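Accompanying notes for the structure given below.
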């Protein structure tokens, strides 16, 4: 059995850049038209560019047009409180501390959203509280396959000016130690770097995808490609 997921990331919705909302609309149309439709869609952060309510309202109005259920998490440009005002509903089981960190349990693969947002910089952070919460989520079921979704990639993102996207790499070392104890993790999926970069952590295959916002895609990107909807189709095996 295979769980089909579409990952989108880094829409950076902004009133000052209306094309970004159109980029999202184009992606939703393309996702709904896939010959093998996904069972769900995951947005791996930076929904908004400035963290203001109107940007989340605009994003939700478009995302609600998806035929599949969708789930969101914050990126470094997001405002957790404003994001939750617009998106929080019965889908999100959040810890009391207010991180947007939770699990999705109703599919053949468990999906765990890991909140890597720092309050002091654009780089990633994994405090001891979040790591403890992640440990409790992983301990809840050590048999069923689990996929992890993070905004910041916790591995060396080679080929870019700054390959280390965490404030303190000790956070990544702690995460590596934690993940190495679980043999049922089937993959890790990230955003943030605005380009496709694969990596590995604790023996787990990991990847970061480029951004939905065409004007912010990095690397060698042609003008014609910037106008195309960008998303990633994932096929996760429910067998472990």
- Item | One residue from 76, 122 being modelled with pLDDT of 95 or more, within 13 Å of the chain's Cα centre (by Cα) and more than 20 Å from residue 6 (Cβ to Cβ) | 76
- Item | Any chance residue 144 is farther than 19 Å from residue 72 by Cβ and under 15 Å from the mean Cα position of the chain (by Cα) | no
- Yes/no for residue 164 being surrounded by 15 or more Cβ atoms within 10 Å (Cβ to Cβ), assigned to a loop (DSSP other than H, G, I, E, B) and free of Cβ contacts under 8 Å to residues at least 12 places away in the same chain: yes
- region 1-33, residues that are at pLDDT 95 or above and part of a strand (DSSP E or B): 3, 4, 5, 6, 7, 8, 13
- Item | Every residue from region 80-104 that is part of a loop (DSSP other than H, G, I, E, B) and either modelled with pLDDT of 95 or more or closer than 20 Å to residue 56 by Cα (or both) | 88, 89, 90, 91, 92, 93, 94, 98, 99, 100, 101
- Note on the structure: With criteria (1) over 21 Å from residue 195 (Cα atoms); (2) surrounded by 14 or more Cβ atoms within 10 Å (Cβ to Cβ); (3) out of contact with any helix residue (DSSP H, G or I) (no Cβ under 9 Å at 6 or more places or on another chain), residue 1 comes up short on (2)
- Message: Any residue at all in region 31-52 that's in contact with a helix residue (DSSP H, G or I) (Cβ under 9 Å, 6 or more places away or on another chain), within 25 Å of residue 122 (Cα to Cα) and surrounded by fewer than 20 Cβ atoms within 10 Å (Cβ to Cβ)?
- Response: yes
- Note on the structure: In the set 86, 100, the lone residue that is over 17 Å from the mean Cα position of the chain (by Cα) and either more than 24 Å from residue 177 (Cα to Cα) or crowded, with 20+ Cβ neighbours inside 10 Å (or both) is 86
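The values are calculated or read from the model by the stated rules, or taken from the named source; none is laboratory data. These figures come from a predicted structure and were not determined experimentally. All Cβ positions, glycine included, derive from the backbone under ideal geometry; neighbour counts span all protein chains shown.
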